[in-house]
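Asks: Here you go, one structure.
The values are calculated or read from the model by the stated rules, or taken from the named source; none is laboratory data. Owing to the predicted nature of the structure, the values given are computational and were not obtained by experimental measurement. Every residue, glycine as well, gets a Cβ built from its backbone with ideal geometry; the counts of neighbours run over all protein chains shown. Accessible surface is based on the protein model in full, side chains and every heavy atom, while ligands, DNA and RNA are left aside. Shrake-Rupley method; radii C 1.70, N 1.55, O 1.52, S 1.80 Å.
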Amino acid sequence: MINRVFNFFFFSSIMLYVIILSIAPMAGEDYGLTKIFKNESIIDRLIYSANRSQMQINGWNARLGEQFSIFFLSMPHYFYIAANFLSLMSIFYLSSFFFAQKNDRFLYILISFACIFAFWPGMEVFFWTTASAGYLMPINICIAVLIPFCNQIACNFVFKNKCTKVAYFVLCLMAGVSFENVPVALVVSMLVAISVDKVSLKNGLPAILLTSLGWLVLVTAKSTSVRRMYYGSNSNYSDIHYIFGRISDVAMVFINTSSTLLVCAIIGLTYLYKRKTLNYSICIPILCSFLTVGSMIASPYTEPRSFIIAWVVMFSVVCHAVYFSMRNKNYAIPLIVFFSSFLFSLYTFNVYYKYSLFMIQRESFILNESRGDLCKKGIYVHKITPDAPYRYINDRDMWYVNNAKTISDYYGCKILPNG
């Protein structure tokens, strides 16, 4: 009976996740990275994606995730749905290595799905294409690069032959161009792992050098310089008050978005420690998380989704505590967690269903009016504000109404904000 109950929560969570992913509409910056496709072939879409990506790399953002966003916004929607779902499964699978699990990785993935709606701080990285492709997908690469430095089984697998080594080193290079802040935290964490003799210098040093090389390529790119100059006009790191302001802002954003998950992760760590199931494997990811959050001080602004690697690590601790409780037949807490997550998933579905209806109505209005004289004169559109907090949906419609030129280019009509 209890297995049937657990299976219900496992598979209902997966089903609702896919449904919400399917109905979640384009939002904000999505419109600036693609165009309306009609009868173009996959080849035509690939050519457009490559050209648009080249423009983005040269002009504004060279991050790997930005190019993922362009690619999936150019492809049929089912490409993105499949890639998003596989990326999340991959994160759950990879994070299970933080605890040196040898068995039950599939069960761990199911538990993670059953917990996701209860604990995850920002659903935007799942259901907003730009954030999902820009953060959820590339963070897989960063975690995959980190795992051999904190898990001996993974280390032995990666460095056992030339093929796996080459594949891993390619991932290191890709991790370096994924983010401006995460690779720095990765490199420091890798160095710590080498210093305590968990990875040999012979294997670890090339990984560190390639990750650093990728990062240098990203931060010295012309587009990164352009973006740094754009945001740097309001930055003054020679002013101690500005630095303290950045520290305060990062801390407040982290507390406001991630405090519930942090508290649950601390409880989970305490529970696992008392049950003597913790080992070295989790220490390096925790260090990397801490460094990543701290590195946000150097950014001119604080986006909650930039904490994603910390979210992954904290969430994995919670899931492992739930997993360990189930394996020891202590079912009360898992049942409460899964039931709560199921209720949150229904609420999340309701949020995205309503939001999607509003977005569809607005787009239908624009497309209908684009056939008439208003296309040249100007079609007025209202801002749509989701009736839900950040945890469920990130309101990107202010970007939509503030970038009327970009939206006009997308629709091929003059779009004007109204109110």
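Asks: Output the relative contact order of the chain, whole-number percent, from Cα pairs under 8 angstrom with separation of 6+ residues.
Replies: 24 percent
Asks: On a 0 to 90 degree scale, rounded to 10, what angle separates helix 77-95 from the longest Cα axis of the chain?
Replies: 20 degrees
Asks: Here is a follow-up. May I ask for the angle, rounded to the nearest 10°, between helix 2-23 and the longest principal axis of the chain, with both axes built from Cα atoms and the value confined to 0 to 90°?
Replies: 30 degrees
Asks: How far is it, in nm, from the label point at SER364 to the one at LEU209 when both lie 7 Å from their Cα along the line to the Cβ?
Replies: Result for the modelled spin labels: 6.0 nm.
Asks: When the solvent-accessible surface of protein heavy atoms is calculated with a 1.4 angstrom probe, in what order do CYS142, CYS264 fall, highest first?
Replies: CYS264, CYS142
Asks: Dipole magnitude of the chain about its Cα centre, charges +1 at Lys/Arg Cβ and -1 at Asp/Glu Cβ only, in debye to the nearest 20?
Replies: Using Cβ point charges on Lys, Arg, Asp and Glu, the chain gives about 820 debye.
Asks: What fraction of the Cα pairs in region 9-71, stated in percent, has a spacing above 16 angstrom?
Replies: Here the long-distance tail beyond 16 Å is 58 percent of all Cα pairs in region 9-71.
Asks: If the chain between SER259 and ASP239 were fully stretched, how many nm would it gain, using 0.36 nm times the residue separation less the Cα-Cα distance?
Replies: Fully extending the segment from SER259 to ASP239 adds 4.3 nm.
Asks: Round to the nearest 10 and report in Å² the accessible area of TYR242, as given by a 1.4 Å probe over the protein chains' heavy atoms.
Replies: About 40 Å², ignoring ligands and nucleic acids.
Asks: Rounded, prolate or oblate for region 94-194? Axes are the square roots of the Cα gyration tensor eigenvalues, ordered a ≥ b ≥ c, and the cut-off for rounded is a/c under 1.5.
Replies: It comes out oblate by the Cα gyration axes.
Asks: Moving on. If amide hydrogens are placed 1.01 Å from N in the peptide plane, which non-local residues have theirs closer than 5 Å to the one on SER178?
Replies: When sequence neighbours closer than 5 places are left aside, the close amide H contacts are LEU64.
Asks: Moving on to the next point. Just reorder PHE307, PHE358 by solvent-accessible area, largest first, 1.4 Å probe, all chains present.
Replies: PHE358, PHE307
Asks: Taking only Cα atoms, what is the 0 to 90° angle, nearest 10, from helix 64-74's long axis to the longest principal axis of the chain?
Replies: Relative to the chain, helix 64-74 is tipped by roughly 50 degrees.
Asks: Related question: At 4 °C and a viscosity of 1.567 mPa s, what translational diffusion coefficient does Stokes-Einstein give for the chain, taking Rh as the Kirkwood radius over Cα pairs? Give it in µm²/s as a whole number.
Replies: In µm²/s, the coefficient rounds to 57.
Asks: Something else: Hey, in the chain, which Cys have no second cysteine's beta-carbon closer than 4.7 Å?
Replies: Here CYS115, CYS142, CYS150, CYS155, CYS163, CYS172, CYS264, CYS283, CYS288, CYS319 come out as lacking a disulfide-compatible partner, given the Cβ-Cβ threshold of under 4.7 Å.
Asks: I would also like to ask the following. Could you state how much accessible area TYR78 has, in square angstrom rounded to the nearest 10, with a 1.4 Å probe and all protein chains kept in place?
Replies: Here the residue's solvent-accessible area equals roughly 150 Å².
Asks: Distance between the C-alpha centers of region 155-186 and region 303-338? Whole Å please.
Replies: So the separation of the two Cα centres works out to 26 Å.
Asks: Put HIS382, HIS77 in order of accessible area, largest first, 1.4 Å probe: what do you get?
Replies: Most to least solvent-accessible, the answer reads HIS382, HIS77.
Asks: List every residue whose amide H lies under 5 Å from the amide H of LEU416, counting only residues 5 or more places away in sequence or on a different chain, with H placed 1.01 Å from N in the peptide plane.
Replies: Under 5 Å from the amide H of LEU416: ILE379, TYR380, VAL381.
Asks: So what is the 222 nm mean residue ellipticity for the chain from helices alone, if each DSSP H run of at least 4 adds -39500 (n - 2.57) and you divide by all residues, rounding to the nearest 500 deg cm²/dmol?
Replies: Helix-only estimate at 222 nm: -22500 deg cm²/dmol.
Asks: Here's something else I'd like to know. Please compute the length gained on full extension between MET15 and LYS405, using 0.36 nm multiplied by the number of residues separating them and subtracting their Cα-Cα distance.
Replies: Answer, rounded to one decimal: 136.6 nm.
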